[in-house]
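Working notes, beginning with the structure itself.
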Amino acid sequence: MCGVIGIYGNKDVFKDLYQGLLSIQHRGQDSAGITTYDGSRFHTKKGNGLVRDIFTKDHFTRLIGHIGIGHTRYPTIGGGRGEDAQPFFVNSPFGIIMAHNGNVINYSELNTILLNQYHRHLTSDNDVEIILNIFAQELAEQHAKSIKPEHIFRAVKKVFERVKGSYSVIAYIAEQGMLAFRDPHGIKPLVYGKRKEEILPAYAIASESVSLNIMNFSEIKNIEAGQALFIDRNRRLYTQKIARCPQTPCLFEWVYFARPDSYIDNVNVYDCRVNLGRFLADEIRKQNLKIDVVVPVPDSARDAAIEIARKLNLKYREALVKNRYIGRTFIMPADQQRRASVRQKLNPIPSELKGKNVLLVDDSIVRGNTSRAIIDLVRECGAKKVYFGSYSPPLRYPCVYGIDMQTKTEFIARNATVEQIAKRLGADKVIYQSLESLKKAVHLGNKNLTQFCGACFDGNYPTGDVTPEILKSIENSRKLSQKNQLELDL
């Protein structure tokens, strides 16, 4: 899961891109990059780490240009190396930069085709290079001296036919225009907006609406599943629905990834999480538990936890204090790093926990390491009972669309009952949300959304092309990546 931003403006866009990336830093803290265009040259800065650490005051004067693309990343395909940071560039045709959010599941097959058939040699393990080179090849084969919308849409159609998986893409073609497209099933989010300026209107495209809000763009709209958008050099905006598949956005956006002040496919994330708290409260009530206090695992679970306490008429306490200078543990690249960060990230208030029956509320339970460490922390403070509520269903199946849970062994809930999960976590009881309630919470915000990607919960992959062989290949690649990362850490 990553964050992307593109701006087509009238003056230097670096400051806006920088602010926009800060607003979606939560989507990836492994690496980041910005490429700008000044009318004759591209200027790029990429690196590992947080946005604030990669870019300095010098980049405000070096990364000049009225057009640019920014990206913040955590690794799915590709490791944590600097050369895997986005955006990427090809010099022909015209010169194209590109960044994306998602995961290409037929990466190896397309890599071989690009090398053997088109003699295009990739420079990284990042799957956006696959999309970029296929798009560039399809555009070049049209032999257009000047790009028109039909050339763009024809090339995107070929990308849709060849690239499997999830991808929300932003690209700029030198002196031709900016484009964006969303995979045929719309698994990853993408929005665009407009800002009135003195010369011509400025346009921005981003993973989340909050980025456009912060950069003062309005008239915000979704790029739909299978839709492409093109803004030409005269700022004329064209859109075309190229693929017509059922829209199946990723449910995990509302569970964890997106900011609560964002709208994903017209569904406010905060409202959705409040509804998830309301529905989980109904499940908790059925358990007939004696609960003294409801405590959220900060930050994403706070909205749901407040609603649970309100609906069950229980005390709500912020008994786990978060160090806000520690990143999100789930998107840290190594499991060892996640475990070590828990005690640095959270510190309990013992007086709110000692001698009490505590209901901890979190957004999800993936590997269980973080949850287990938090439960141990609460018990050390003298809690009598520790119950654990997850406002998402049990995660049991690998994600192939861009979330960093790609092997069956990573899920504590895999082939386990709720009682077994509670025992493994050290909790007195675990209460999960139902998948039906999760879908309902999102549907309440947008009645037009009726289908979703919940593959990590139920094993149903909406693209219809995920075979056991693909799952095995991705799992093997993931294990190799974990092994290489461990060797680097040692």
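The values are calculated or read from the model by the stated rules, or taken from the named source; none is laboratory data. The structure presented is a predicted model; accordingly, all values stated were derived computationally and were not measured. Methodologically, a virtual Cβ is constructed for each residue, glycine included, from the backbone with ideal geometry; neighbour enumeration extends over all protein chains shown.
For the stretch 89-139, a residue qualifies if it is of a type in the set (Ser, Thr, Tyr) and within 19 Å of Thr44 (Cβ to Cβ), and the qualifying residues are Ser92, Thr123, Ser124. Among all positions in the stretch 182-191, there is at least one residue which is assigned by TED's automatic domain parsing to the domain that holds Ile214, within 20 Å of Thr35 (Cβ to Cβ) and within 23 Å of the chain's Cα centre (by Cα). Kindly list, by first and then second residue, each pair from a residue in the stretch 92-111 that is more than 26 Å from Ile147 (Cα to Cα) to a residue that is acidic (Asp, Glu), limited to pairs with Cβ atoms under 6 Å and residues at least 6 apart or on different chains. The qualifying pairs are Val104/Asp127; Tyr107/Asp127. Looking across the stretch 145-184, the residues that are surrounded by fewer than 24 Cβ atoms within 10 Å (Cβ to Cβ), outside any helix (DSSP H, G or I) and among the charged types (D, E, K, R) come down to Lys145, Lys148, Lys164, Glu175. The test for being more than 28 Å from Lys15 (Cβ to Cβ) and out of contact with any helix residue (DSSP H, G or I) (no Cβ under 7 Å at 6 or more places or on another chain) does not hold for His151.
Tallying residues that are over 22 Å from Ala304 (Cβ atoms) and free of Cβ contacts under 8 Å to residues at least 40 places away in the same chain within the stretch 412-446 yields 7. Check whether at least one residue in the stretch 269-291 is buried (at least 18 other Cβ atoms within 10 Å of the Cβ), at pLDDT 95 or above and more than 28 Å from Val210 (Cβ to Cβ), and report yes or no. Yes, because at least one residue in the stretch 269-291 is buried (at least 18 other Cβ atoms within 10 Å of the Cβ), at pLDDT 95 or above and more than 28 Å from Val210 (Cβ to Cβ). Against the definition (modelled with pLDDT under 95 and at negative phi), how does Lys241 come out, yes or no? The answer is no for Lys241.
Checking Val90, Val128, Val104 one by one, the residue that is under 20 Å from Ile223 (Cβ atoms) and touching a Leu at 6+ places or on another chain (Cβ under 9 Å) is Val104 and no other.
Within the stretch 361-384, is even one residue assigned to a strand (DSSP E or B), surrounded by fewer than 23 Cβ atoms within 10 Å (Cβ to Cβ) and over 20 Å from the mean Cα position of the chain (by Cα)? There is no residue in the stretch 361-384 that is assigned to a strand (DSSP E or B), surrounded by fewer than 23 Cβ atoms within 10 Å (Cβ to Cβ) and over 20 Å from the mean Cα position of the chain (by Cα). Residue selection: Val442 fails the criterion of being in contact with a strand residue (DSSP E or B) (Cβ under 7 Å, 6 or more places away or on another chain) and surrounded by fewer than 16 Cβ atoms within 10 Å (Cβ to Cβ). Looking across Val13, Val104, Val4, Val90, one residue alone is in contact with a strand residue (DSSP E or B) (Cβ under 6 Å, 6 or more places away or on another chain), aliphatic (A, V, I, L, M) and surrounded by fewer than 24 Cβ atoms within 10 Å (Cβ to Cβ). It is Val90.
Please verify whether the stretch 149-164 includes one or more residues that are modelled with pLDDT of 95 or more, outside the structural domain of Cys453 (by TED's automatic domain parsing) and on the phi > 0 side of the Ramachandran plot. So far as the stretch 149-164 goes, no, none of its residues is modelled with pLDDT of 95 or more, outside the structural domain of Cys453 (by TED's automatic domain parsing) and on the phi > 0 side of the Ramachandran plot. Of the residues in the stretch 128-144, how many are crowded, with 19+ Cβ neighbours inside 10 Å and touching a residue at least 24 places away in the same chain (Cβ under 8 Å)? The qualifying residues number 10.
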